[in-house]
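What follows is a short report on a single structure.
The values are calculated or read from the model by the stated rules, or taken from the named source; none is laboratory data. The model shown is predicted, which means the values in this text are computed figures rather than measured ones. No Cβ is skipped: glycine too gets one built from the backbone with ideal geometry, and neighbour counts run over all protein chains shown.
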Amino acid sequence: MSLGIIGIDHVQIAVPEALEAECLAFYREVFGCPEIPKPEELRERGGAWFQVGALQMHIGVDPEPSPKSKRHICFLVDDLAAAKAKVLARGVAIEEENVAEGLSRFFIRDPAGNRIEIGMRG
């Protein structure tokens, strides 16, 4: 039975309150994604929402996030070498991993330890 899913609206990650400002700056500066306004009733919870292509990424503040797992988001890029150069220029460490079939990729972590995959199809 299909649920009628037509796509993904957003991805949410969690960051600890103590690292909120550092993590939001990381996403603004490294990815350069435009921040979008959160609904008024959610603003007091902290965090931020960003537009990433057709999707949204929501960053929530969690008192005890556990970001060291394998869970992650994957951003597709049109030029993997250029994306890698930009990330390295910002002083962000890269985790190399074997290429998945049809996807060249590398991983980085935000200041809270959230794992982020950067990939290119083809």
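No other residue among A112, A93, A82 is surrounded by 10 or more Cβ atoms within 10 Å (Cβ to Cβ) and within 13 Å of V30 (Cα to Cα) apart from A82. Among the residues of region 56-82, those identified as in a strand (DSSP E or B) and among the β-branched types (V, I, T) are I59, V61, I73. For region 94-112, the set of residues classified as part of a loop (DSSP other than H, G, I, E, B) and under 24 Å from G122 (Cα atoms) consists of I94, E97, N98, V99, E101, G102, listed by residue number. If only residues of region 64-114 that are within 22 Å of V15 (Cα to Cα) and acidic (D, E) are counted, the one that is modelled with the lowest pLDDT is E64.
Kindly indicate the residue of region 12-33 that is under 11 Å from the mean Cα position of the chain (by Cα) and surrounded by fewer than 16 Cβ atoms within 10 Å (Cβ to Cβ) and also modelled with the highest pLDDT among those meeting that condition.
As a first pass, look at region 12-33 and keep what is under 11 Å from the mean Cα position of the chain (by Cα): 12-14, 23-24, 26-28, 30-31, 33.
Checking which are surrounded by fewer than 16 Cβ atoms within 10 Å (Cβ to Cβ) leaves us with 12, 28.
Numbers: Q12: 89, R28: 92.
In this case the residue turns out to be R28.
Determine, yes or no, whether F106 is surrounded by 16 or more Cβ atoms within 10 Å (Cβ to Cβ), out of contact with any Gly (no Cβ under 9 Å at 6 or more places or on another chain) and without any contact (Cβ under 8 Å) to a residue 40 or more places away in the chain. No; evaluated as a whole, the condition is false for this residue. Give the residues of region 8-50 that are touching a residue at least 24 places away in the same chain (Cβ under 8 Å) and among the aliphatic types (A, V, I, L, M), sorted by residue number. Correct list: I8, V11, I13, A14, V15, L19, L24, V30, A48.
Answer with yes or no whether I118 is within 11 Å of the chain's Cα centre (by Cα) and within 30 Å of E44 (Cα to Cα). Working first, answer last.
Values: within 11 Å of the chain's Cα centre (by Cα): yes; within 30 Å of E44 (Cα to Cα): no.
So I118 does not fit the description; no.
Is it the case that region 71-83 has a residue that's basic (K, R) and within 22 Å of G7 (Cα to Cα)? Walk me through it before giving the result.
Restricting attention to region 71-83, the residues satisfying the condition of being basic (K, R) are 71.
The next check asks that each one be within 22 Å of G7 (Cα to Cα); those that pass are 71.
Yes, there is a match, as at least one residue in region 71-83 is basic (K, R) and within 22 Å of G7 (Cα to Cα).
Under 8 Å between Cβ atoms, at least 6 apart or on separate chains: pull out the pairs that start in region 74-86 with a residue that is closer than 15 Å to L103 by Cβ and end on any residue that is modelled with pLDDT of 90 or more and small (G, A, S). So the pair list comes out as V77/A83.
When E64 is tested against (1) closer than 27 Å to A18 by Cβ; (2) surrounded by fewer than 17 Cβ atoms within 10 Å (Cβ to Cβ); (3) in contact with a His (Cβ under 9 Å, 6 or more places away or on another chain); (4) not basic (K, R), only condition (3) is not met.
Scan region 34-55 and tell me whether some residue there is of a type in the set (A, V, I, L, M), surrounded by fewer than 17 Cβ atoms within 10 Å (Cβ to Cβ) and in a loop (DSSP other than H, G, I, E, B). Within region 34-55 (the criterion being of a type in the set (A, V, I, L, M), surrounded by fewer than 17 Cβ atoms within 10 Å (Cβ to Cβ) and in a loop (DSSP other than H, G, I, E, B)), the answer is yes, since at least one residue qualifies.
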